[in-house]
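The values are calculated or read from the model by the stated rules, or taken from the named source; none is laboratory data. None of the values given here were measured: they were computed from a predicted structure. Ideal geometry is used to build each Cβ from the backbone, glycine not excepted, and the neighbour counts take in all protein chains shown.
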Amino acid sequence: MPASTSRSPGTKDFLFRPYRPGDEDEINRLFNEIFHLKRSIDEWRWRFNPEHAGCAILVAEHRQTHEIYAHYGVITCLAQVAGRTIRVGQPVDTYCRRDELAVAQRVMPKLILHFYRTFCSTDGLPMLYGFPSNRVLKLGKMKMSYGEPTPVQSWQFPVARRRWLFPSWLDSEPLSAGSVSTLWNRVAHRYPTSNIRDEQWVRNRFMDRPRNRYLHFLVQQDDIPVVWAVFVPDGKKLLWIDCLWDGESVDAMKDVMERALTHARRGGARVIEFWLNHDEALADVLRSEGWQFSPDRENLHLATVGFDDSLDSTQYRENLYITMADTDLV
């Protein structure tokens, strides 16, 4: 729920208000129109989960025509930070019609500031994080209280080409969200600053996504889960998008890498790519197995804005465990 509201907020011609049931068709149509995409309503619902208490969407509506002109949408999740559990938000769909009136009245930057006042607080969303473009990052540092960004680190493994008469991706192994949650409970201490990967998060993030193509690998030793990894095909790449590991079962981690390589070869991928910040033990294994490291993936940085004086947004930004699953890109 919004932390606070004000009477008829907005500009002369535009009303700023939270999402209402029924807005989604126009919101999604405008998104597809602006970005030249064909995102389905099912995909929108999976992303924002509007019936969930953490839904955080603000729109700018024309006061006379009631058409939506701008949108600021944030997806939320639980995070562990400095021994506390808080709800954090990631702005993902930020857009405005290319309209002279909206530009003249500075609708988009004002909508963002009003979102801060409405949803962001100690009791609401005490922290926002995201991976903005260079243009948005520059604006955020000037106008939106962004601190210095943290580079996202990337690893790549080249896949030796093999000729397959009919290249095709193999099916994923069945996933038990409960087993992943069991693993999270065992290894959460390894990720003291991270978004929480419990059973509900696994279901929301991966299992409930419409028409998803995620490949899940879970390795157990003596019926105890020790590593879980998620991959997704992306053209000539196989993207490694998430991982939990006990930090000790090196052979199990190497087994996951070998399985991923088999999938990559069968699917015709030329490279496996993995974004990883703040798991040095895993980085050591990657290095030993011949993965190539890039300390600053081009044009990808983590930025944060804090709204709780008792939380250090710089500490969160500089220590956050990051994989692709922490973005909305895959």
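Here are the numbers for this structure:
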read-out: Per-region count, the range 8-51, residues under 23 Å from Thr76 (Cβ atoms), aromatic (Phe, Trp, Tyr) and in contact with a Lys or Arg (Cβ under 7 Å, 6 or more places away or on another chain); value: 2
read-out: Criterion violated by Asp223 - all others in (1) surrounded by fewer than 17 Cβ atoms within 10 Å (Cβ to Cβ); (2) in contact (Cβ under 8 Å) with a residue 40 or more places away in the chain; (3) of a type in the set (Asp, Glu) satisfied; value: (2)
read-out: Test result for Glu51, surrounded by 15 or more Cβ atoms within 10 Å (Cβ to Cβ) and without any contact (Cβ under 8 Å) to a residue 40 or more places away in the chain; value: no
read-out: Qualifying positions in the range 297-312 - over 14 Å from Gly83 (Cα atoms), at pLDDT 90 or above and either charged (D, E, K, R) or outside any strand (DSSP E or B) (or both); value: Phe307, Asp308, Asp309
read-out: Cross-chain or 6+ apart pairs with Cβ under 7 Å, the range 184-196 first and within 15 Å of Leu311 (Cβ to Cβ), then among the small types (Gly, Ala, Ser) and buried (at least 19 other Cβ atoms within 10 Å of the Cβ); value: Ser194/Ala79; Asn195/Ala79
read-out: Some residue of the range 230-245 being surrounded by 17 or more Cβ atoms within 10 Å (Cβ to Cβ), part of a helix (DSSP H, G or I), assigned by TED's automatic domain parsing to the domain that holds Ser176 and not small (Gly, Ala, Ser); value: no
read-out: The range 299-316 residues that are more than 22 Å from Pro151 (Cβ to Cβ), paired with ones that are surrounded by fewer than 18 Cβ atoms within 10 Å (Cβ to Cβ) (beta carbon under 6 Å, 6 or more apart); value: Phe307/Ser121; Asp308/Thr122
read-out: Helices (runs of 4 or more DSSP H) contained entirely in the range 51-158, each with at least 3 residues that are at pLDDT 90 or above and more than 16 Å from Arg317 (Cα to Cα); value: 100-104, 107-119
read-out: Looking only at the range 205-220, and only at residues there that are within 16 Å of the chain's Cα centre (by Cα) and crowded, with 17+ Cβ neighbours inside 10 Å, the one that is farthest from Thr76 (Cα to Cα); value: Tyr214
read-out: Residue in the range 259-280 that is surrounded by fewer than 16 Cβ atoms within 10 Å (Cβ to Cβ) and at pLDDT 95 or above present; value: yes
read-out: Asp223 being modelled with pLDDT under 95 and either closer than 27 Å to Pro295 by Cβ or polar (S, T, N, Q) (or both); value: no
read-out: Any pair with Cβ under 6 angstrom, 6 or more apart, that starts in the range 120-145 at a residue that is small (Gly, Ala, Ser) and ends at one that is part of a helix (DSSP H, G or I) and modelled with pLDDT of 80 or more; value: none
read-out: Exclusive hit being touching a His at 6+ places or on another chain (Cβ under 7 Å), farther than 15 Å from Phe119 by Cβ and among the aliphatic types (A, V, I, L, M), set Ile34, Ile27; value: Ile27
